[in-house]
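Undergrad: Below you'll find the structure I mean.
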Amino acid sequence: MIQVDNLVKYYKDFKAVDNISFNIDKSEIVGLLGPNGAGKTTTIRTLCGYLAPTSGEIKINGSSIQENLLMAKKSIGYLPESAPLYGDMLVYDYLLLIANLRQVKNKQERIEEMLELCGLKKVVAKNISELSKGYKQRVGLAHALIGDPEILILDEPTSGLDPNQIIEIRELIKKIGKTKTIVLSSHILSEVEVTCDRIIIINSGKIVADAKTDELKSMTSGAKVVVVEFKNDLKEQVEGFVQKLKGNPAVSDVEEEREQTVKLKITYKDKEDIRGEIFDLLKNTELQIINFYQEDETLESVFRMLTSNALANDEASQENAAKEDDVEEDDAKKGDAKEDDSKEENKQTSGERLEGEAKEKQEEGESK
Amino acid sequence: MRWNIVREIIKKEISQYYYSPIAYIVLAFYLIVSGVFFWTVFFLQNQAELRSYFNMLPWIFTFIVPAVTMRVFAEEKSNGTFETLVTLPITMEEIVIGKFLAVCLFLLSMLFFIFPYAISVDLVGSLDWGPVFTGFVGAFFLATSYAAVGLYCSSLTKNQIVAFIISLFICLAFFLVDKFFNFLPESLLQVVAFFSSDKHFKSISKGVLDLRDLGFFLALIFIFLRLTYENLKNQLTKEN
């Protein structure tokens, strides 16, 4: 459906997108994730033909966007960041204009459908500039959807909305996503986590991860946390329990929090599930258990790991480059060899790269 | 180029003109200034003709047309709506032509206010309608070629004021070029005078329909629309 090959985009001297490649299949919901200024919006703008790439190729339905821009634009519905719309128009007039420009058949019916789907019936006769942010966003969604495009590209669709509106828009995206291919960008992790099948994480213009949402979540540092909370504070028994836990080789850390209750955070290695053993240990005590749960792995940790890691790598590689410059004259051959290495690294698919990084992290965790 | 799309863009632009106060302000300004300048000398001259009206049009247009065109691209760019517009399945040619024709229609509606003057002059004396029509044609070409200049300037920037000032400057240059260089030797002045919008306008409004005059305005329109198109295309490939 969408095929991006070696996309590079420069703004003057600044490389905003650095050699990105990915494929998106039909009716996938893909989240583009990344910190601010990572190149999400630039990538999206090149995808929908607003910006021309410096180099590389984008294919929509198999045909190059550069060669067949109009065809590509027909099959894409695009909602730019913060939904810029003609504020002096009425909602209905605006949708009519877009329907006309997109040459929609059965305009009236289609507009009615959009008003229904996006919950705009109440504001149909209002000026767009008078609408709240949430309603504007919905008009933007209707704008993107009205031509019934196969692909929907949404840049930060929920930014600036209140929690209720976020949930509504999210539901809407899920509903639409059953039949359409959706690419959405966001820096809000929880949002991408619940709406997207697949996540592409971008950092300083490069793809640092590209995987299914579940797979990505399991790529944490390799440690899990179980929380046990007791109502009564029987110091000796708690201490005895903690001692026994620390004796277990799988347990790497036990953290105690004492307020009105006693809370133990037990960190253990991912591979061995020790929850059964913990339960067995607790059976023989008189501690009243009021909570016993394993903390959910969050994308947050993966995101932090990948984006901050990549930053560190970047700095390291820059330092290396500087060093290479110094020795270049003396030892040109070595430099060549290094370059070859780095090229090979680039050839690795993003999945492999990710596994590699996850492994590194795991090793680090173990050494700690 | 799909004309039904161009028509939709024209409709959108025209409706936006009349939603915003700018159209009314410009129209009011035009009517007041042209009215004051015309009637103050009309009775002194004591002649049933509109020559003084047409003589001041180049001056008025130099200020009014940039005010009409300054928002065309600059406003869309600063609001971000340009992005929504460009990513719709329409081409840049359709956008540029549509917006240009919309400005032309607005200016045409403005020019029709010549006729109340003509009719009232005809009531008090016997008016020769020939120069009125040729003057109207000349004024239309003058205004639309300034509009093309204004469109280009509006495509250069996000700031409407900047767009206004640049296009005012260029229009003024075309208006004054022959008056500025009158110290030049006659042969050179001939060349410079060819670029004077005022000279071509006066020549048309005298009733001489010379191909060179029409060609001048058409060339101006074509060149500046082309520049606008290329400029917008370029901005998307390079992006500031």
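Undergrad: Take the residues of segment A:98-109 that are buried (at least 20 other Cβ atoms within 10 Å of the Cβ) and not β-branched (Val, Ile, Thr): which is farthest from the other protein chains (Cβ to nearest Cβ)?
TA: Among residues in segment A:98-109 that are buried (at least 20 other Cβ atoms within 10 Å of the Cβ) and not β-branched (Val, Ile, Thr), the one farthest from the other protein chains (Cβ to nearest Cβ) is A:Ala99.
Undergrad: Going residue by residue through segment B:104-125, is there one that turns out to be surrounded by fewer than 19 Cβ atoms within 10 Å (Cβ to Cβ), in a loop (DSSP other than H, G, I, E, B) and polar (S, T, N, Q)?
TA: no
Undergrad: Is it fair to say B:Ile64 is away from every other protein chain (no Cβ under 14 Å) and either farther than 21 Å from B:Trp3 by Cβ or in contact (Cβ under 8 Å) with a residue 60 or more places away in the chain (or both)?
TA: Taking the combined requirement at face value, the residue satisfies it.
Undergrad: Count, please, the residues in segment B:184-240 that happen to be exposed (fewer than 13 other Cβ atoms within 10 Å of the Cβ), out of contact with any helix residue (DSSP H, G or I) (no Cβ under 9 Å at 6 or more places or on another chain) and not small (Gly, Ala, Ser).
TA: Qualifying residue count, segment B:184-240: 9.
Undergrad: Can you name the condition, by its number, that B:Phe195 falls short on among (1) assigned to a helix (DSSP H, G or I); (2) without any contact (Cβ under 8 Å) to a residue 60 or more places away in the chain; (3) closer than 25 Å to B:Leu151 by Cα?
TA: (1) is the only condition that B:Phe195 fails.
Undergrad: With respect to the numbered conditions (1) at pLDDT below 95; (2) buried (at least 16 other Cβ atoms within 10 Å of the Cβ); (3) not charged (D, E, K, R), which one is the sole condition not fulfilled by B:Tyr152?
TA: (1)
Undergrad: Now for a different question. Out of all the residues in segment B:63-86, which are out of contact with any Ser or Thr (no Cβ under 9 Å at 6 or more places or on another chain), hydroxyl-bearing (Ser, Thr, Tyr) and either closer than 20 Å to B:Leu107 by Cα or crowded, with 22+ Cβ neighbours inside 10 Å (or both)?
TA: Once the filter is applied, which keeps residues that are out of contact with any Ser or Thr (no Cβ under 9 Å at 6 or more places or on another chain), hydroxyl-bearing (Ser, Thr, Tyr) and either closer than 20 Å to B:Leu107 by Cα or crowded, with 22+ Cβ neighbours inside 10 Å (or both), segment B:63-86 yields only B:Thr84.
Undergrad: Where the second residue is outside any helix (DSSP H, G or I) and of a type in the set (Lys, Arg) and the first is farther than 14 Å from A:Gln260 by Cβ and lies in segment A:225-247, which pairs have Cβ atoms under 7 Å and are six or more apart or on separate chains?
TA: Hits for this filter: A:Val225/A:Lys265; A:Val227/A:Lys263; A:Val227/A:Lys265.
Undergrad: Within segment A:1-31, track down each residue that is farther than 18 Å from A:Glu57 by Cβ and either without any contact (Cβ under 8 Å) to a residue 40 or more places away in the chain or in a strand (DSSP E or B) (or both).
TA: A:Tyr11, A:Lys12, A:Asp13, A:Phe14, A:Ile29, A:Val30, A:Gly31
Undergrad: Mind listing just one residue for me: the one in segment A:32-83 that is hydroxyl-bearing (Ser, Thr, Tyr) and in a loop (DSSP other than H, G, I, E, B) and, of those, farthest from A:Val139 (Cα to Cα)?
TA: A:Thr54
Undergrad: Being within 10 Å of A:Ile202 (Cβ to Cβ) and in contact with a helix residue (DSSP H, G or I) (Cβ under 6 Å, 6 or more places away or on another chain) is the filter here, so list the residues in segment A:20-60 that pass it.
TA: If the condition is that a residue be within 10 Å of A:Ile202 (Cβ to Cβ) and in contact with a helix residue (DSSP H, G or I) (Cβ under 6 Å, 6 or more places away or on another chain), then A:Leu32, A:Leu33, A:Gly34, A:Pro35 are the ones that fit.
Undergrad: Let me ask another. Going by the structure shown, is B:Ser109 of a type in the set (Gly, Ala, Ser) and within 13 Å of chain A (Cβ to nearest Cβ)?
TA: No.
Undergrad: Of everything in segment A:27-71 that's within 14 Å of chain B (Cβ to nearest Cβ) and touching a Gly at 6+ places or on another chain (Cβ under 6 Å), which residue is farthest from A:Lys212 (Cα to Cα)?
TA: Looking at the filtered set, the residue picked out is A:Leu69.
Undergrad: Considering only residues that are within 9 Å of another protein chain (Cβ to nearest Cβ) and assigned to a helix (DSSP H, G or I), look in segment B:77-93 and name the one that is farthest from B:Glu230 (Cα to Cα).
TA: Restricting to residues being within 9 Å of another protein chain (Cβ to nearest Cβ) and assigned to a helix (DSSP H, G or I), the top hit is B:Asn79.
The values are calculated or read from the model by the stated rules, or taken from the named source; none is laboratory data. Computed from a prediction, not measured in an experiment: that's the story for all the values here. A quick note on method: Cβ atoms are made from the backbone with ideal geometry, for glycine too, and the neighbour counts reach across all protein chains shown.
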